[in-house]
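As structure tokens, the structure follows; a few thoughts come after it.
The values are calculated or read from the model by the stated rules, or taken from the named source; none is laboratory data. Source: prediction; values computed, not measured. Note that each Cβ is placed from the backbone with ideal geometry, even for glycine, and that neighbours are counted across all protein chains shown. Areas reflect the complete protein model, heavy atoms only, side chains present, ligands, DNA and RNA absent. Shrake-Rupley method; radii C 1.70, N 1.55, O 1.52, S 1.80 Å.
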Amino acid sequence: MDASDSISDETPASEAFIDEATRFLMKESSAGGPTLHEHLTQVLLKLIVERPDDANSQFENISLSLRQLPTSVLEEAAAASKAAEIEAGEEEVKEEVADAPPVPPLPIEVARATLAAWCQSHKHLFPNPPIPEPEDGEEPEEEPEEEDPQIAGLVSNVLDDASLWQSAGVGFGDEQTFRLFRSLQILAGREGEECTLNFWGKIHAKNGSYFIAHALTEQTTTPDPLEINDETEEKDGFKLPGIKEFDAEGIDGPNKYTYWASLDPNGDKTSWTKLPHVTPEQIKVARYHRRYFTGDLAAPVSCFPPLPGGTEAHLLRAVIAEITADCHLNLSGMLEPD
């Protein structure tokens, strides 16, 4: 066995050893100043930049000269070196982007079909037809002023709220915000004139995001969506536990508001889905689980302990109840024990 073999066998080359050696070199000095790792980096950088004739004999002199420099000068040099590395990396990224092949444009037929499909799915947001243009020699017909029959309820001013969201750095964009506002107006119109609908928020899912709206339960015209069913159902191979009857506080407590969810609030009757009322057992079980929403309200939720109802709609409603309760403030002195 020669000397090189003995050295390679005795020298640990594992990643753990390299990490441990790097941490050792980066330990802060008791006297202050740069670490040994930083000092060696500066010495090697100076050697590479200046390239002296006898670099080996000049190593100690360069190390001593760098140690005698003020700390502020070394920090400025390190910052300049780091900025140069960042700039070089940005230039490489720009070159890669410039060398990338251009994205081919969509064929005109595909673009027109996509636009037509989008307009067809969102035509419910603009139910009023345009005024027909008069023919030559005819006077224009005045359209009678009629209230939009689909807009009867009240809706919180989402457009004004959006400006506050933008000041906090969040929002959906002007187009999405206006479409959401129109969709909420149509939904409130279907619930009746006394219904005041508010936008609750947005919950992300793997296949889209849930837009959530809510209104007071006593103002809604549709029946209670909670279905009492103590029998266990089976769907897609999963057993969905039933919902047992419970003693609730009526429309007080977590079911004070009724909630709707939509993946695409385009104004269609099927775009908003009313979520079932929540039970105390569902809230209790939901606290034990952490999972991503799929974007399908009918998707089964397999978990233990089992979730009463067993679908994503029930889990989403329980999560909404938890978030709503956590966001309520009870000012000191407002309530007194009975």
Summing Lys, Arg as +1 and Asp, Glu as -1, what charge do residues with Cβ under 14 Å from the Cβ of Tyr288 carry, Tyr288 excluded?
+2
Local net charge near Pro52, Cβ-Cβ under 13 Å (Lys/Arg +1, Asp/Glu -1)
-2
Could you give the nm distance between label points at Cys119 and Leu40, where each point is 7 Å from its Cα heading toward the beta carbon?
6.9 nm
Two-site FRET efficiency, Arg287 against Lys206, from Cβ-Cβ distance with R₀ of 30 Å, rounded to 0.05
0.90
Solvent-accessible area of Tyr288 with every protein chain in place, 1.4 Å probe, in Å² to the nearest 10
150 Å²
The range 260-338 accessible area per residue, 1.4 Å probe, protein heavy atoms, integer Å², reads 57 Å²
Place the peptides 254-261, 270-277 in order of packing, highest mean first, counting for every residue the other Cβ atoms within 10 Å and averaging per peptide.
254-261, 270-277
Contour excess over end-to-end distance, with Cα ends at Ala111 and Glu322 and 0.36 nm allotted per residue:
71.6 nm
